[in-house]
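Trainee: My structure is below; once you've seen it, I'll send some questions.
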Amino acid sequence: MDYDKVFADSLEQLKAAGNYREFTDLERHAGQYPRATNHSIGREITIWCNNDYLGMGQHRDVADAICNTVREIGAGAGGTRNIAGTSHPLVELEAELSSLHNKEAALVFTSGYVTNSTALSTLGRIPGMVLFSDSLNHASMIEGVRFGKCERHIFRHNDLDHLEELLESVDADRAKLIAFESVYSMDGDIGPIKEICDLAEKYNALTYLDEVHAVGLYGESGGGVAQRDGVSDRVDIIQGTMGKAFGLIGGYIASTSLLVDYVRSFGSGFIFTTAMTPATAAGALASIRHVRQNVGLRIALHSNVNTLKSRIREEGLPLKETPTHIIPVMVRDANLCREASHKLLHEHGIFVQHINHPTVPVGQERLRITPTPLHTNDMIEELVAALIDVFDSLGIKRDK
Ligand SMILES: *Cc1c(COP(=O)(O)O)cnc(C)c1O
């Protein structure tokens, strides 16, 4: 067996299909977000596609909490929570998260991905469980649903009739769980949380809501879309990340004490891995406390989002309308999309990663733009001018 050939051939195929991923070598500068040095091309750039939606990854309170904790407690966690004990900042972080979502308890994992994969697969092993999963759910939820090894049904994206049809087809006595998202990260649309909770009630199913792209950004204290819509109490399990609006890393579920204890006690991806470092937990705690109290951050974010959307509309750039902070500008061609992103970077110093298949379906290629409260009006104008220049020079149609 020529292993090198296997690897090389597979990579060649990926490249030929235009799906090979190249990473940009970036150095952000604390205090100057969204500016950064791009070492791949050796120039200063403005970032427009980061999921550090509020710039909290560079906030002073967060950096101080991390540095102080490393000095006071040390760097590593020293093992799993069972073997090495739970560091105190992690206990405080879980208390903060359960209070953010007004739930009895929360459980922290090493990432949002691990959270979905572990929590869903563990719940999937409840005897007789049937999982119902939205067709556009994130890869980590798909993995969790598959690892659950139970009966599963995929319902068409946000399609309540299809979901009900599937719920109806399953024996009323069986355990059921509906897994879906609040903000879908690529189309920037929102799941019908209230209506799915209504169905869950009717068919006695649990609800599992991924609020990864919403925590920190929606709701009066950043508790997500469920908080904003006043339906948090109806969702059984809220899942979130510390990797996006909170600017760090780590994931969690918030739910009842019993359900959290169940996942804590049976979830392999929770039990058999080294715990989050105390410093990361302390940093996340500082970030969440700041974000909860600072409504101004959310107001500034959504104001920048609205300004940029209306400028894009005015210039006839192909905006996909969304009710969220995610701004897809459609190119609908893989090569043009890659070229647009390349030109923005090399000719304008603007970093917007192109989003191609398999992240989005073929023909749905786009630039996914995510403003933060730290982008200025000048930066918005600079971005719009660069988009016009690039779209016109590549012959991508504008309605103007
Ligand atoms: C990013 C993402 C995750 C994974 O979270 P990480 O903390 O980055 O591992 C889960 N769900 C959705 C919808 C995501 O976009």
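The values are calculated or read from the model by the stated rules, or taken from the named source; none is laboratory data. Note that this is a predicted model, so its numbers are computed, not measured. Positions of Cβ are generated from backbone atoms using ideal geometry, with glycine treated the same way; all protein chains shown enter the neighbour counts. Only protein heavy atoms, including side chains, enter the accessible area calculation; ligands, DNA and RNA are left aside. Shrake-Rupley method; radii C 1.70, N 1.55, O 1.52, S 1.80 Å.
Trainee: As I understand it, the value is the acute angle between the Cα axis of helix 88-100 and the longest principal axis of the Cα atoms of the chain; what does it come to in degrees, rounded to 10?
Mentor: Between the helix axis and the principal axis of the chain, the angle is about 80 degrees.
Trainee: Moving to a separate point now. Would you mind checking the pairs LYS202/LYS244; LYS176/LYS309; LYS244/LYS309; LYS149/LYS202 and listing those with alpha carbons more than 29 angstrom apart?
Mentor: Checking Cα-Cα distances, LYS202/LYS244; LYS176/LYS309 exceed 29 Å.
Trainee: Among GLY79, ASN19, GLN227, which residue has its Cα positioned farthest towards the positive end of the charge dipole of the chain, with +1 placed on the Cβ of Lys and Arg, -1 on the Cβ of Asp and Glu, and the dipole taken about the Cα centre?
Mentor: Checking the options against the dipole of the chain, the answer is GLY79.
Trainee: For the chain, taking Cα atoms only, what is the radius of gyration to one decimal and the Dmax to the nearest whole Å?
Mentor: Using the Cα atoms of the chain, the pair Rg, Dmax is 21.8, 64 Å.
Trainee: If amide H atoms are built 1.01 Å from N in the plane of the peptide, which residues on other chains or at least 5 residues away come under 5 Å of the amide H of GLY251?
Mentor: Amide H neighbours of GLY251: PHE109, THR110, SER111, GLY112, MET242.
Trainee: In addition: Positive end of the charge dipole of region 264-337 (Lys, Arg +1 and Asp, Glu -1 on Cβ, about the Cα centre): tell me which of MET330, VAL305, PHE272 has its Cα farthest that way.
Mentor: Towards the positive end, the residue furthest out is PHE272.
Trainee: Once the Cα atoms of helix 295-314 and of the chain are each reduced to a long axis, what angle between those two axes, in degrees from 0 to 90 to the nearest 10, is obtained?
Mentor: 40
Trainee: Taking +1 at the Cβ of each Lys and Arg and -1 at the Cβ of each Asp and Glu, which of SER40, ALA8, LEU120 sits farthest along the dipole of region 1-124 towards its positive end, judged by Cα position relative to the Cα centre?
Mentor: So the residue we want is SER40.
Trainee: In whole Hz, with x marking every Gly and Pro, tabulate ³J(HN,Hα) for region 212-222 from phi via Karplus 6.51 cos²θ - 1.76 cosθ + 1.60, θ = phi - 60°.
Mentor: So the Karplus estimates, Gly and Pro as x, are 3, 8, 10, 4, x, 10, 10, x, 4, 10, x Hz.
Trainee: Ok, one more. Counting each DSSP H run of 4 or more residues in the chain as -39500 (n - 2.57), what helix-only mean residue ellipticity at 222 nm follows after dividing by all residues, to the nearest 500 deg cm²/dmol?
Mentor: Result for the chain: -13000 deg cm²/dmol, rounded to the nearest 500.
Trainee: Still on this structure, please answer the following. Can you put LYS400, LYS202 in order of accessible area, largest first, using a 1.4 Å probe?
Mentor: I get LYS400, LYS202, largest accessible area first.
Trainee: Then there is this: Considering only the other residues whose Cβ falls under 12 Å of the Cβ of SER87, what net charge follows from Lys and Arg at +1 and Asp and Glu at -1?
Mentor: Result for the local shell: -2.
Trainee: Which three extents, in whole angstrom, do the alpha-carbon atoms of region 277-340 cover along their principal axes, largest first?
Mentor: Taking max minus min along each principal axis of the Cα atoms, region 277-340 gives 45, 27, 16 Å.
Trainee: Using Cα pairs closer than 8 Å and at least 6 residues apart in sequence, work out the relative contact order for the chain, in percent.
Mentor: Answer for the chain is 21 percent.
Trainee: Helix 112-124 sits at what angle to the longest principal axis of the chain, using alpha carbons and giving 0 to 90 degrees rounded to 10?
Mentor: Orientation of helix 112-124: about 30 degrees from the principal axis.
Trainee: Which value, in debye to the nearest 20, describes the size of the charge dipole of region 9-72 about its Cα centre when Lys and Arg Cβ atoms bear +1, Asp and Glu Cβ atoms bear -1, and nothing else is charged?
Mentor: Roughly 180 debye, rounded to the nearest 20.
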